[in-house]
Amino acid sequence: MKTVIEMAREAGIDEWWDSGAEWRETFDAHIERFAELVRADEREACAKVCDDIDTEYEGEDVLATWCATAIRARSST
């Protein structure tokens, strides 16, 4: 799983600070992208817990599979 710092760098947060450009124009977009990355990472971590439960029961835990699918589907809402 990525660290918060890795996700912040991926979102470009450190770029606006060092670029000398008008950071106020891009700051909101970077923060939104950062939050999006954090949410996606958390959704995947939660879905992975469900996947692990399903694996523990040799693929027979339909509810765990449904939960993992539902969590991942939240990325499109």
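The values are calculated or read from the model by the stated rules, or taken from the named source; none is laboratory data. All of these numbers come straight from a predicted model, not from anything done at the bench. A quick note on method: Cβ atoms are made from the backbone with ideal geometry, for glycine too, and the neighbour counts reach across all protein chains shown. Ligands, DNA and RNA are excluded from the accessible area calculation, which covers all protein heavy atoms including side chains. Shrake-Rupley method; radii C 1.70, N 1.55, O 1.52, S 1.80 Å.
Values for this structure:
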item: Charge dipole (the range 27-72, unit charges on Cβ, about Cα centre) - positive-most of Tyr57, Thr69, Leu37; result: Leu37
item: In the range 24-77, chymotrypsin sites (Phe, Trp or Tyr not before Pro) in a DSSP loop with at most 13 other beta-carbon atoms within 10 Å; result: Tyr57
item: Sequence of Ile31, Ile13, Ile5 when ordered by accessible area, the most exposed leading, probe 1.4 angstrom; result: Ile5, Ile31, Ile13
